[in-house]
Amino acid sequence: MAEPQNSANEEDPKLQANFPLAGRMISEQFDLSNRLGRGDRTALGIWFWELDRVLLALILSLLAIGLLAVAAASPATARRLSSADVSLPELYFFYRQFAWAVIAFVTMLVISMFPKNMVRRMALIGFAAMVVAMLFTIILGSEINGAKRWINLGFMSFQASEFLKPFYAVAIAWVVSWKLKDKSLPVYPIIFAITGFLAMILMLQPDLGQTILLSGICFAVIMVSGVKFWKLAALFGMGIGGLVTAYFTYSVAATRIDAFLFGTDGITHDKLALSTLSAGGLFGVGPGLGERKYSLPEAHTDYIFSVIGEEFGLLACAAIIIIYFAIIIRVALRLFEEKDYFTILAVTGLVTQFCGQAMINIAVNLGMFPSKGMTLPFISYGGSSLWSISITSGLILALTRRNPFMHKQGQNRRYNR
């Protein structure tokens, strides 16, 4: 009886002995079980093992929570915007958010595959394009609720300042990193001039919240760049001085700061948000059963955190806050092993933008901060907001990719010595 021949995915001992490389190539070609395994050396396999999958899981959990939250808030906004002529379906905003979530997810994954040099190049091009778009917004932008921040594209309203933030963080990190090559370069005056110019454009819209956030990103990048403490203290004092100046010269800032410090008479948005947030207690009244959300002016965007509190409870709100802090901790742990100066600066700016925006939105819902019109990353409704924060997340994932075997190899070399 003839012996059975080796199958295609089995290694022929004679072939392996005489042609070891050819035998290994045939084995890898037909062994599909190795796909995305530690031995996978394809571009997709390398990306998968270099990616911080814990960080990706945290981000995707926020995206899932956001879809659930928009589904809960959609009926309130749909009812408020419906008229005798046009009646919006209760889940109108959820359907649109789901479509944007798919686009955001794909965008984030694609950007996460970029090498560092491509990340820097894309960010610089995007930064220049968004500055031009912001100038265009001041002239021909659409005015909504007294602010001219959007460009009407027909199928969506495009807010250039949302997309500016991640590109700005990478751009100023690149400028600060110049000092490694030449310490005499005036890198700090350059980024102060850039930030001041952008702040002037934002105040013309007006958009005080984005101005504060950009200033926070700038401060965070400078803080980790190795600057002396007294310079940081001086910079912080300049920020306080700028806020005081805005109070006396900028009517929008004065109105919001006065309302925050001294309160206002009657029912206001912040009071409605806080009462809605606390109405559900620890466990909430249940999905779709909230009633106070119908009184909120922007239940699906600015005050979606309050809707979550009413329908899913304060414990759900606490879990969301924990996820944001977990992202900060995870990125910090990743940066502890990073040696590239530009990467440390850029990721610091990006995570400051991501979690700083979240903390401002949550503080507004808790009545701890003046209303800023700032969305909650990955949770609030909005195409511009969701797409821009996916760019931020993609840049963070791309810059924190790490070869998991490099550190072990370094340890082995030290041990063998």
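Considering only ILE362, SER295, ILE327, and ranking their Cα positions along the charge dipole of region 295-367 that arises from unit charges at the beta-carbon of Lys, Arg, Asp and Glu, the one farthest toward the positive end is ILE327. Among residues other than ASP52 with Cβ under 13 Å from its Cβ, the summed charge is +2 (Lys and Arg +1, Asp and Glu -1).
Per residue, how many Å² of accessible area does region 319-384 show with a 1.4 Å probe? Mind dumping the intermediate values first?
Details: 2200 Å² over 66 residues.
That works out to 33 Å² per residue.
Summary of the geometry: region 195-251 and region 332-367, compared by the centres of their Cα atoms, lie 17 Å apart.
What do you reckon, how do LYS179, LYS165, LYS271, LYS339 stack up by accessible area (1.4 Å probe), largest on top?
Details: LYS179 45, LYS165 0, LYS271 90, LYS339 175 Å².
Listed by decreasing accessible area, they come as LYS339, LYS271, LYS179, LYS165.
So for region 51-145, taking the charge dipole from beta-carbon charges (+1 Lys/Arg, -1 Asp/Glu), which of MET113, ALA129, SER87 sits furthest toward the positive end? Of the listed residues, the answer is MET113.
Taking R0 as 30 Å, what's the FRET efficiency between PHE248 and VAL227 from their Cβ-Cβ distance, rounded to 0.05? Could the numbers behind the result be given before it?
Values: r = 29 Å, r/R0 = 0.97.
The value I calculate is 0.55.
Extent of region 289-400 along its three principal axes (Cα atoms, max minus min coordinate, largest first): 52, 28, 24 Å.
The charge dipole of region 258-388, taken about its Cα centre with unit charges on the Cβ atoms of Lys, Arg (+1), Asp and Glu (-1) only, comes to about 220 debye.
Would you mind working out the accessible area per residue for region 93-207, using a 1.4 Å probe, and quoting it in Å²? Working shown, then result.
On the way: 5610 Å² over 115 residues.
Per-residue accessible area for region 93-207 comes out at 49 Å².
On the basis of the beta-carbon distance and an R0 of 41 Å, VAL86 and ALA43 show a calculated FRET efficiency of 0.30. Efficiency by 1/(1 + (r/R0)^6): what FRET value for PHE336 and LEU315, r their Cβ-Cβ distance, R0 = 25 Å, to the nearest 0.05? Calculated value: 0.20.
Rounded to the nearest angstrom and ordered from largest down, what semi-axes does the equivalent ellipsoid of region 116-240 get from its C-alpha gyration tensor (root of 5λ)? Provide the component values of the computation, followed by the final result.
Numbers: eigenvalues 163, 63, 21 Å².
They are 29, 18, 10 Å, listed from largest to smallest.
The largest accessible area among MET359, MET238, MET223 belongs to the first residue in MET238, MET223, MET359, and the rest follow in falling order (1.4 Å probe, all chains).
A probe of 1.4 angstrom, applied to the heavy atoms of all protein chains, finds TRP387 with accessible area near 90 square angstrom. For GLU338, the accessible surface of its heavy atoms amounts to roughly 20 Å² (probe 1.4 Å, protein chains only, rounded to the nearest 10).
For a distance above 29 Å, tell me the whole-number percent of Cα pairs in region 35-183 that qualify.
Details: 4286 of 11026 pairs.
When all Cα pairs of region 35-183 are counted, 39 percent exceed 29 Å.
The values are calculated or read from the model by the stated rules, or taken from the named source; none is laboratory data. What you see is a predicted model; the values in this text were computed from it and never measured. Note that we place each Cβ from the backbone using ideal geometry, even for glycine, and neighbour counts take in every protein chain shown. To get the accessible areas, we keep the full protein, side chains included, count just its heavy atoms, and leave off ligands, DNA and RNA. Shrake-Rupley method; radii C 1.70, N 1.55, O 1.52, S 1.80 Å.
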